[in-house]
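Enquirer: Take this structure, written in structure tokens, and hold onto it; I'll ask about it next.
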Amino acid sequence: MAFFERLLVAAAAQTKPSQIIPCSFPPRTAQIHHLHSRSKEKTEEEEEEVVEVFEGESIGNRSYWRKKIHSLCAVHGDVDEALRLLDRLRLRGYRPDSLNLASVVHALCAAGRSEEAHRRLLLSAAAGWLPDDRTANVLLARLLDAGTPILTLQVVRCLTDAKPAFVPSLTNYNRLIDQLSSQSQPVEARSLLLDMRSKGRLPNAVSYTALINGFARTGELDHARQLFDEMLEAGIPPNSLTHSVLIKAVLRKRSVDEGREMMVELWRKMQDEREPSVNGAAFANLIDALCREGFFHEVFRIAEEMPQGDSVDQLFAYGQMMDSLCRAGKYHGASRIVYIMRKRGFVPGVASYNHIVHGLSKERGCMRAYQLFKEGTEFGYSPSESTYKVLVEGLCREKDVNKAQDVAEFMLQRDAVDRTRIYNIFLSALRLADNPSEQLNVLISMLQKQCQPDVVTLNTVIHGFCKIGKVDEAKRILDDMLNGNFCEPDVVTFTTIIRGLMDVGRPEESLDVLLNTMPAHKCAPSVVTYNVVLRGLTKLQKVDEAMRLFYDMIGKGFATDSTTYTVVVEGLCSVGRLAEAKRIWDDVIWPSQIHDHYVYGAILRGLCCSGKLDQACDFLYELVDCGVAPGIVNYNIVIDCACRMGLKKEAYQIVGEMRKNGLRPDAVTWRILGKLHQEEGKECIISNQNSELNRIVDLPEEFHDGKIERDGDMLEGITDSSFSGELIEAEVSEDDRVEKNAGSIGDAVNLGQKEPLSRIARRIFGLL
């Protein structure tokens, strides 16, 4: 029984008989007459309701329509039809009740339309169709499952405003407080707690723990302490989970010493806690907080000492440490926990162990992962398929094919495993080692072990040979497939062969495969196949053949994509056929509405490489005017062209247009502009140095007077008043072995006129 209900029962029990107000009843004849008249009125109302019929059933038959709506929502899952039926019934005078509303809300939430469920419940409350208290609590619990606490809070406030006597259950309050706190909205959760107390629903330890956790997440330690003290004043004893949540707030403030003291108190609290689940939650929350804040040494210390004792199951504790360390990306640290467990006779869980091996393989720790794999096989560990994939890929990336083959052999020995798929994963990983001969050996091994390769297997081997330029070996495998020794080739097989032939400069054979071999074997080329051929032809400067193939595609109505247009435009621009590229853009690409940033970039790059910056800017601005939003890469192409041409003003104008269109300069943009300013700075320094040297070389014409005016115009901008005549005199006299007491700069220069004038100029310029 809820607390509020217990209060009502207690109040009723304490009521004295003298406090009961007597009631006067009407005479029995009048009462009978009154009941007869009400029965007559009810019969007339039922007759009026029966008159209205919909779909062969009376509108007044509420039981039938409840079952009908519930069947549509719960059995058939057609909530939209149920809503349409409700609308039609309402037009005929039907008034929905709590059961109808509950059926609709449950169905909307089950269909993933929780936002609509919130909205319809709000509308029904505004229209006066309010569910009873029990139904309202059930619906709130259903809405809370969606994890949208702000919307649910609106529903709670709407229901409590429409029904002041309605008080949500303590569980719903606690769940809502927890969700608000988890989404870093502890202020809203705090106001909900106060509202909860004002309505007579007293909070418990769960309420305060959830709220303290919210302030701990936002780093508001003072508010968390205040709530903890308030909890004690209210006579609600905090449990071990409450203490761990408060420790998390302390760790967030980097108060390590205080956190250690509170952890000691937490271990004592755990010994007194009766609920093992609370201790488990407290320990998990503490370890997670330590890992999130980077105190991994504390985690290792706890793993070594286990100060919680028997209050937490040790296997659970080790598993939580491994899980938290893995989520923090510390897979090597998690493997250290594994070694501590094994040393103490514990066997790690398969899921945790697999997570560590998987993470190490992805984080370039495949050697450590392989070591764990070998050790894990001793206690029955077998990696999952995804872990096997990343492990062999990591080993092949490190060129350690033998270890990868060892893992593959282990996987092949498992029962109920798709051996062909295991081989395919291993073959795909061998591509990272650039070792197609090893792929061929694996293929031979498959045949020897009576494992028939599929088309994926053969495509992988063919791709490996084509990647290193051994197209003839790849064609031999294709010939075996065409002759029936293996499975039939597919479009991927032919596309791979065509690309390999193009890469080694054999376009005639590529076209023969496309135009003759593929039709002979009833294999239709895909758009990727055509794109490969077009790109290969344009790279080999065979633009005319590429354009004939492109126009043939267009003429046959073959579907093209943005990659096709990008390749064609790049090929035309590479040979200077900009006019034809522009015509294809106007007649083909733009009407097709199949264009993206790559197509725009190809056109802009072609115009910029031809020095046509104005046309590139016009094209860019026309795209914007037509409602197209060019990407940052497109703007950078034009900005780079302006900077290369030394047009600083135009470059910054393009940057301004980019900002107007909602784009911000990225690192590439600033690097381009930075190079522009560096070039300007170098030119400025060189010009200044040249002018200064020329002015210094002209100095000897004025030196015949035997003096130099420090404040005159002769050395203005070159000399520095901070240099004294004695320093210059000492430098010059030392170089020319003149006495240290030479009179002035003029004397030093006159004494040094026996040297070449350029040497004097260089020395003075070096000094100044």
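Enquirer: List, in order, the whole-Hz ³J(HN,Hα) value for each residue of the stretch 351-363 obtained from phi through the Karplus relation with A = 6.51, B = -1.76, C = 1.60 and θ = phi - 60°; use x for Gly and Pro.
Expert: Per residue, the Karplus-derived 3J(HN,Hα) values read 5, 5, 5, 5, 4, 5, 4, 5, x, 4, 5, 6, 9 Hz.
Enquirer: Non-local amide H neighbours of Ser58 (under 5 Å, H modeled in plane, Pro and chain starts lacking H): which ones?
Expert: For Ser58, no residues qualify.
Enquirer: Here is a further query. Evaluate E = 1/(1 + (r/R0)^6) for Glu258 and Lys362, where r is the Cβ-Cβ distance and R0 equals 51 Å; express this FRET efficiency to the nearest 0.05.
Expert: Once rounded, the FRET efficiency stands at 0.90.
Enquirer: Any idea what diffusion coefficient the stretch 59-141 gets from Stokes-Einstein, in µm²/s, Kirkwood Rh on alpha carbon pairs, 4 °C, 1.567 mPa s?
Expert: For the chosen part, D equals 102 µm²/s.
Enquirer: Please give the contour-minus-distance gain from Val628 to Asp78: 0.36 nm per residue of separation, less the Cα-Cα distance, rounded to one decimal in nm.
Expert: Residue separation times 0.36 nm, minus the Cα-Cα distance, leaves 194.0 nm.
Enquirer: For the ranges 162-172, 339-349, 422-432, what's the packing order if you count other beta-carbon atoms within 10 Å of each residue, average per peptide, and put the highest first?
Expert: 422-432, 162-172, 339-349
Enquirer: Starting from the Cα gyration tensor of the stretch 335-422, take the square roots of the eigenvalues, sort them a ≥ b ≥ c, and report rounded, prolate or oblate (rounded when a/c is under 1.5, otherwise prolate if a/b is larger than b/c, else oblate).
Expert: Because a/c hits 1.5 or more and a/b fails to exceed b/c, the stretch 335-422 counts as oblate.
Enquirer: May I pose another question? Taking Cα pairs under 8 Å and at least six residues apart, what relative contact order does the stretch 483-596 come out at, in percent?
Expert: In percent, rounded to a whole number, it is 21.
Enquirer: Also: Convex hull over the alpha-carbon atoms of the stretch 274-319: what's its volume per residue in Å³?
Expert: Spread over its residues, the Cα hull of the stretch 274-319 gives 62 Å³ apiece.
Enquirer: Follow-up. Sort all Cα-Cα distances of the stretch 599-674 into consecutive 10 angstrom bins from zero, then give the percent of pairs in each bin up to the one containing the longest distance.
Expert: Pairs per bin, as whole percents: 20, 61, 19, 0.
Enquirer: Rank-order 499-506, 561-568 by packing density, defined as the average count of other C-beta atoms within 10 Å over each peptide's residues, highest first.
Expert: 561-568, 499-506
Enquirer: So how many Å³ per residue does the convex hull of the Cα atoms of the stretch 348-474 work out to?
Expert: 97 Å³
Enquirer: If I model a spin label as a point 7 Å beyond the Cα along the Cα-Cβ vector, how far apart are those points for Asp614 and Ser574 in nm?
Expert: If labels sit at Asp614 and Ser574, their model points lie 3.0 nm apart.
Enquirer: I'd like the distance between the alpha-carbon centres of the stretch 58-73 and the stretch 587-662, rounded to an integer number of Å.
Expert: 63 Å
Enquirer: Can you give the local net charge around Met446? Use residues other than it whose beta-carbon is closer than 15 angstrom to its beta-carbon, Lys and Arg +1, Asp and Glu -1.
Expert: Charge balance in the 15 Å sphere: -2.
Enquirer: If you don't mind, another one. Share of Cα-Cα pairs in the stretch 407-467 beyond 16 Å, in percent?
Expert: Value for the stretch 407-467 (Cα pairs over 16 Å): 37 percent.
Enquirer: Related question: Would you mind computing Rg(Cα) / (2.2 N^0.38 Å) for the stretch 51-205, counting N as its residues?
Expert: Dividing the Cα radius of gyration by 2.2 N^0.38 Å gives 1.14.
Enquirer: How much net charge surrounds Gly112 when only the other residues with a Cβ under 14 Å from the Cβ of Gly112 are counted, with Lys and Arg +1 and Asp and Glu -1?
Expert: -2
Enquirer: What length, rounded to one decimal in nm, is gained on full extension from Lys542 through to Trp590, with 0.36 nm per residue of separation minus their alpha-carbon distance?
Expert: 14.8 nm
Enquirer: Using the Kirkwood formula over every pair of different C-alpha atoms, what hydrodynamic radius in Å results for the stretch 560-626?
Expert: 11.7 Å is the Kirkwood radius here.
Enquirer: Grab the other residues whose beta carbon is less than 10 angstrom from that of Ser510, score K and R as +1, D and E as -1, and report the net.
Expert: Local net charge: -2.
Enquirer: Determine ³J(HN,Hα), in whole Hz, for all residues of the stretch 191-198 in sequence, where each value follows from phi through the Karplus function 6.51 cos²θ - 1.76 cosθ + 1.60 and θ = phi - 60°; x replaces Gly and Pro.
Expert: 5, 5, 5, 5, 5, 5, 5, 5
Enquirer: Shape of the stretch 199-347 from its Cα gyration tensor (a ≥ b ≥ c, root eigenvalues): rounded if a/c is under 1.5, otherwise prolate when a/b > b/c, or oblate?
Expert: prolate
Enquirer: Continuing with this model, one more query. Residue by residue, what Karplus-based ³J(HN,Hα) values in Hz, rounded to whole numbers, does the stretch 231-238 have, using 6.51, -1.76 and 1.60 with θ = phi - 60° and x for Gly and Pro?
Expert: 5, 5, 5, 7, x, 9, x, x
Enquirer: Be a star and scan the stretch 269-290 for residues whose amide nitrogen sits under 17 Å from the point 7 Å along the Cα-to-Cβ vector of Glu305.
Expert: Output list for this probe position: 269-271, 283, 286-287, 290.
Enquirer: Would you list Trp670, Trp590 from the most to the least accessible area, probe 1.4 Å?
Expert: Largest accessible area first, the list is Trp670, Trp590.
The values are calculated or read from the model by the stated rules, or taken from the named source; none is laboratory data. Note that the structure is a prediction, hence the values are computed from the model and not measured. FYI the Cβ positions are ideal-geometry reconstructions off the backbone, even for glycines, and counts take in every protein chain you see. Ligands, DNA and RNA are stripped out before the accessible areas are found, and what is left, the full protein with its side chains, is counted by its heavy atoms. Shrake-Rupley method; radii C 1.70, N 1.55, O 1.52, S 1.80 Å.
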